[in-house]
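J.: Have a look at this one before I ask anything.
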Amino acid sequence: MSDSHSQKMILAGFIQASNCSNYTGSWRHPETDHSFLSPEYYQSIARTLELGKFHLAFIDDRLAMPSQYGNSFIDSVNHGIRSVKLDLVPVMTAMGLATSNLGIGGTYSTTYHHPYHVARLFATVDHMTKGRSALNVVTSLNDAEAQNFGLLEHSNHDVRYDQAEEFMEIAVGLWESWENDALIVDSGSGRFADGDKVKAIDYDGMWFKSKGPLTVPHCPQGKPVIIQAGQSPRGREFAAKWAELIFVIFPSLEANKRFYDDIKEKILSYGRDPAKVLVAPAIYVVVGDTDESALAKFQEIKQLAKTVDSLTLLSEVFNYDFSQHAIDEPLSDSDLESISGLRGFLDRVIGLSGTNNPTVQDFITYSGRGTLDELPTFVGSPSSVADNMQDWFENGACDGFVIAATHMPGAYEDFCSMVVPELQRRGIFQDDYRGSTLRDNLGIL
Ligand SMILES: Cc1cc2nc3c(=O)[nH]c(=O)nc-3n(C[C@H](O)[C@H](O)[C@H](O)COP(=O)(O)O)c2cc1C
């Protein structure tokens, strides 16, 4: 292991409570298990990841069907493009009950949920999993989500982060509203708990108010592990201040390294220990017995994507209807100004296409949205994939990885049976869990 790491790499499984994995074409794969509405589906994935000694499974979320393309959800439904998103807490609970060491993370929106509700849910999940919960904090993305919650449109990017700050102050206050030793539960003396060790928070903010205390006593981890994935300047500040695990998407080792150096410096500037805040880029892995067989698998999986997947997901992520343009039409300056979604993605398209006015096809090609090109994809034999991962890990690009699945559950079965033993043999990934809580296992106590 290189000097830059005090511990081995961490691994998270990138799960969707949905008909498809992060790769929308995945549901068309002949080996895909289509029982995404059953608890057994999620429990079986959780058991596979636990056998592979993954630190955690984390479930992403979106609070609306993709509905911006053609101003309709019809393509999303017809083609199975993320039209299904189950609520996460019941799914997390099902996964937690089927495992005993795997961390279980879920995504909640700071824009559309009240912090009291979320603090209570995650403190409860932490109790039910005996200290294995994680909360991925997102500010959400588009108007369709706003409209499901009674608003006309999604609020401005930086305003969302202001709101997220208040959200976190309240949530953390509520998680701390019961001291660790407040519960007494002595039926003999009749003392249930020590009232001096349970406090109101009386928070009166611009977006949220909450009196407290929480109705859930101090949870095993004190609070869930906080995950965040902000990439904009404001998002990075937020992550540096609050996150314990930071997820990113960058196309190369060098781009990850630039982010890694920048965020670790920012973490330090908030008076926090950079070694206790872990950075994990999302990647796809396609592994086979040999490089050739892996490449053949990759080509097969790549064919599952359709152009409508890309257009639907681009419209969703940019909160912009791409159906108003022909595929080879460049977007004008004013078109680009009305794009309000992920800024990092827009910068990527402009940077890689080499033009300030990319065409719709440029958006598809250079964002990789809806295709395997969206994330770095490591393709090869177990030893080639492990070489790639080791290279990133030991050369200052990351502390571990978020493994996205090309199809479910096969991609995780392949990774755990083929790549994990190779990483373990090289001494860069754990042979077993070292503690009982997720925070213990991540080494960020
Ligand atoms: C691995 C990963 C997972 C993410 N999961 C979600 C998610 O489940 N829901 C969501 O709305 N955004 C998700 N995001 C998006 C981020 O929360 C964030 O909005 C994005 O990185 C842009 O941040 P910025 O607005 O600071 O640029 C994810 C990002 C990454 C890198």
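J.: Around Glu179, with a cut-off of 14 angstrom between Cβ atoms, what is the net charge of the other residues, counting Lys and Arg +1 and Asp and Glu -1? Let's see the in-between values first.
T.: Numbers: positive: Lys197, Lys199, Lys223; negative: Glu176, Asp181, Asp194, Asp196.
Once positives and negatives cancel, what remains is -1.
J.: Still on this structure: Which of the aspartates and glutamates could a cross-linker span from Lys197 if the Cα-Cα distance has to be under 14 Å and same-chain partners fewer than 8 positions apart are dropped?
T.: Counting by Cα, and skipping residues close in sequence, Lys197 has these aspartates and glutamates nearby: Glu176, Glu179, Asp181.
J.: How much length is gained if the chain between Asp196 and Asp262 is pulled fully straight, taking 0.36 nm per residue apart and subtracting their Cα-Cα distance, in nm to one decimal?
T.: Working: separation 66, 0.36 × 66 = 23.76 nm, distance 4.25 nm.
Working it through step by step, the gained length comes to 19.5 nm.
J.: Same structure, new question: What does the C-alpha gyration tensor say about the overall shape of region 306-370? Classify as rounded when a/c is under 1.5, otherwise prolate if a/b is larger than b/c, or oblate.
T.: Details: a/c = 1.20, a/b = 1.17, b/c = 1.02.
Verdict is rounded for region 306-370.
J.: To continue, here is another question. Multiplying the sequence separation of Asp158 and Ser383 by 0.36 nm and subtracting their Cα-Cα distance, what value in nm do you get? Numbers along the way, then the final one.
T.: Details: separation 225, 0.36 × 225 = 81.00 nm, distance 4.33 nm.
Computed gain between Asp158 and Ser383 is 76.7 nm.
J.: Also: Please work out the FRET efficiency for the pair Glu394 and Ser187, using the Cβ-Cβ distance as r and a Förster radius of 51 Å; give the result to the nearest 0.05.
T.: Computed FRET efficiency for Glu394 and Ser187: 0.35.
J.: I'd like to know which of Tyr366, Gly271, Phe238 lies farthest towards the positive end of the charge dipole of the chain, counting +1 on Cβ of Lys and Arg and -1 on Cβ of Asp and Glu.
T.: Gly271
J.: Sticking with this structure for a sec: Take every Cα pair under 8 Å in region 306-370 that's 6+ residues apart, average their separations, divide by the length, and report that relative contact order as a whole percent. Mind dumping the intermediate values first?
T.: On the way: 68 pairs, mean separation 28.1, N = 65.
That works out to 43 percent.
J.: Using a simple spin-label model with points 7 Å from Cα along the Cα→Cβ vector, what separation in nm is obtained for Ser293 and Asp347?
T.: 4.2 nm
J.: Then there's this: Mean residue ellipticity at 222 nm from the helices of the chain, using -39,500 (n - 2.57) per DSSP H segment of n ≥ 4 over the full residue count, to the nearest 500 deg cm²/dmol?
T.: On the way: 17 runs with 171 residues, N = 445.
Calculated from helices alone, the mean residue ellipticity at 222 nm is -11500 deg cm²/dmol.
J.: For the chain, give the magnitude of the charge dipole about the Cα centre (Cβ charges: +1 Lys/Arg, -1 Asp/Glu; no others), in debye to the nearest 20.
T.: The dipole of the chain has a size of about 940 debye.
J.: Output wanted: per-residue J couplings in Hz (rounded whole) for region 384-399, from phi through Karplus 6.51 cos²θ - 1.76 cosθ + 1.60, θ = phi - 60°, x for Gly and Pro.
T.: With the stated coefficients, region 384-399 comes to 5, 5, 5, 4, 4, 5, 5, 4, 5, 5, 8, 10, x, 8, 5, 9 Hz.
J.: If packing is taken as the average number of other Cβ atoms within 10 Å across a peptide's residues, how do 246-254, 370-378 rank, most packed first?
T.: Numbers: 246-254: 19.4, 370-378: 22.0.
Answer by packing, highest mean first, reads 370-378, 246-254.
J.: Could you sort out which of Lys130/Lys199; Lys223/Lys276; Lys241/Lys264; Lys211/Lys241 sit more than 18 Å apart by Cα distance in this structure?
T.: Values: Lys130/Lys199 23 Å; Lys223/Lys276 15 Å; Lys241/Lys264 11 Å; Lys211/Lys241 24 Å.
Those over the limit are Lys130/Lys199; Lys211/Lys241.
J.: Using θ = phi - 60° and the Karplus curve 6.51 cos²θ - 1.76 cosθ + 1.60, what whole-Hz ³J(HN,Hα) does each residue of region 119-130 get, with Gly and Pro shown as x?
T.: Values per residue, Gly and Pro as x: 4, 5, 4, 6, 5, 5, 4, 4, 5, 5, 9, 6 Hz.
J.: Around Lys53, what is the net charge, scoring Lys/Arg as +1 and Asp/Glu as -1 over all other residues with Cβ under 11 Å from its Cβ? Intermediate values should be presented prior to the final figure.
T.: Numbers: positive: Lys8, Arg434; negative: Glu50, Asp431, Asp432.
Local charge sum for Lys53: -1.
J.: First select every other residue whose beta carbon is under 9 angstrom from the beta carbon of Gly410; then total the charges, Lys and Arg +1, Asp and Glu -1. Kindly include the intermediate steps, with their values, before the conclusion.
T.: On the way: positive: none; negative: Glu31, Asp33, Glu413, Asp414.
Residues close to Gly410 contribute a combined charge of -4.
J.: Sequence-distant or interchain residues sharing an amide H contact under 5 Å with Ser177, placed H: which?
T.: Hits under the 5 Å cutoff: Leu214.
J.: In whole Hz, with x marking every Gly and Pro, tabulate ³J(HN,Hα) for region 89-106 from phi via Karplus 6.51 cos²θ - 1.76 cosθ + 1.60, θ = phi - 60°.
T.: Listing the rounded values in order: 5, x, 5, 4, 5, 4, 5, x, 6, 8, 9, 10, 10, 5, x, 10, x, x Hz.
J.: Hey, got the dipole for region 306-370? About the Cα centre, +1 on K and R Cβ, -1 on D and E Cβ, debye to the nearest 20?
T.: Details: 4 positive and 10 negative charges, 57 e Å.
For region 306-370, the charge dipole is close to 280 debye.
Since every read-out is calculated from the coordinates, none of them should be taken as a lab result. Just so we're clear, the structure is a prediction, and the values are computed from it rather than from any experiment. Every residue, glycine among them, receives a Cβ derived from its backbone with ideal geometry; neighbour counts consider all protein chains shown.
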